[in-house]
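The values are calculated or read from the model by the stated rules, or taken from the named source; none is laboratory data. Computed from a predicted model, the values in this text were never measured in an experiment. Note that each Cβ is placed from the backbone with ideal geometry, even for glycine, and that neighbours are counted across all protein chains shown.
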Amino acid sequence: MNEEIVELALLQKIDHQIDGIDGEIQAEQNALDGKSGDLAEREASIVTLTERIDILEKERRTLEVEVTDEMVHVKDRQAKMMQVQTGREQTAILKEIEDGKKGVKEKEEKTVAIMEEVEQLTADIEENKNLFKGETELLQEETEKVKNAIAAINKRKKTQSNKRVRQAKKIKPQILRKYDTLRQHRNGLGVVNVLDGVCQGCFMAIPPQQYNLLLRGDKPLDCPTCQRIMYHEAAEAEA
Ligand SMILES: [Zn+2]
């Protein structure tokens, strides 16, 4: 294999490792972000439950006032009952009293239902608050762990980056630029092996004539499909 391509392939290996390290850091960060997201959701649900209780309490107070008014009205009608003479008037007042009592009963039932719901919501809030407390503590521990993990990963990255700087110096600037550009536009892969006439970057076959040139190994060639710099190295199973 062409000496320059050998160095370039080595650089690609180092870059691949650095990409992997970046992926590890991202994964750690994503996991942590996911957990803080869950915690924020928990906090938001506590707010929602609290708001629901406020609405219900307002409703309950309105009902209370309405029940008082209704009872006053019923008492008033009962007093009026004593004074009326005709059966028709009595029937009308009796109906009013009955409707009033019915209204009171319905509103009292509604009040009971509200109180039951408030009780349930209060318990839910309590549970969520306890969970929130525990989860906050866990997240703090987790954040510390991730911070340390990322620091350790970054140490490894630094080593690889130093290695990369040294390796890059072995490559002609022009080729290095081409390789870096290819990496940017070709999913991190700038130099590729060709196995059985197939580019391992884009998995397209390369013309036999070019493949033969490549097998001779004295000149760098670009893949006609993905433009990556090609080399040939027999697969381990073949070697
Ligand atoms: Zn290709």
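One table, with the values for the structure above:
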{"read-out": "Among the residues listed as K178, K129, K145, the single one being at pLDDT 95 or above, out of contact with any helix residue (DSSP H, G or I) (no Cβ under 6 Å at 6 or more places or on another chain), in a helix (DSSP H, G or I) and within 15 Å of the ligand (Cβ to nearest atom)", "value": "K178"}
{"read-out": "Close pairs from the stretch 195-211: first over 16 Å from A234 (Cα atoms), partner among the hydroxyl-bearing types (S, T, Y) and more than 10 Å from the ligand (Cβ to nearest atom), Cβ under 7 Å, at least 6 apart", "value": "none"}
{"read-out": "The stretch 61-103, subset among the hydrophobic types (A, V, I, L, M, F, W, C) and either touching a strand residue (DSSP E or B) at 6+ places or on another chain (Cβ under 7 Å) or under 30 Å from L49 (Cβ atoms) (or both), residue surrounded by the fewest Cβ atoms within 10 Å (Cβ to Cβ)", "value": "V65"}
{"read-out": "Cβ pairs under 9 Å, 6+ apart, first in the stretch 113-128 and assigned by TED's automatic domain parsing to the domain that holds S45, second of a type in the set (D, E) and assigned to a helix (DSSP H, G or I)", "value": "I114/E57; I114/E59; V118/E57; N128/E43"}
{"read-out": "Residue check, R186 under 39 Å from the mean Cα position of the chain (by Cα), among the basic types (K, R) and within 8 Å of the ligand (Cβ to nearest atom)", "value": "no"}
{"read-out": "In the stretch 190-211, the residues that are within 9 Å of the ligand (Cβ to nearest atom) and either outside any strand (DSSP E or B) or among the β-branched types (V, I, T) (or both)", "value": "V192, V194, V198, Q200, G201, C202, F203, M204, I206"}
{"read-out": "Which numbered condition K219 fails, given (1) modelled with pLDDT of 95 or more; (2) over 30 Å from N30 (Cα atoms); (3) outside the structural domain of K35 (by TED's automatic domain parsing); (4) more than 16 Å from the ligand (Cβ to nearest atom)", "value": "(1)"}
{"read-out": "Those residues of the stretch 222-231 which are within 11 Å of the ligand (Cβ to nearest atom), in a strand (DSSP E or B) and not β-branched (V, I, T), in sequence order", "value": "D222, M230"}
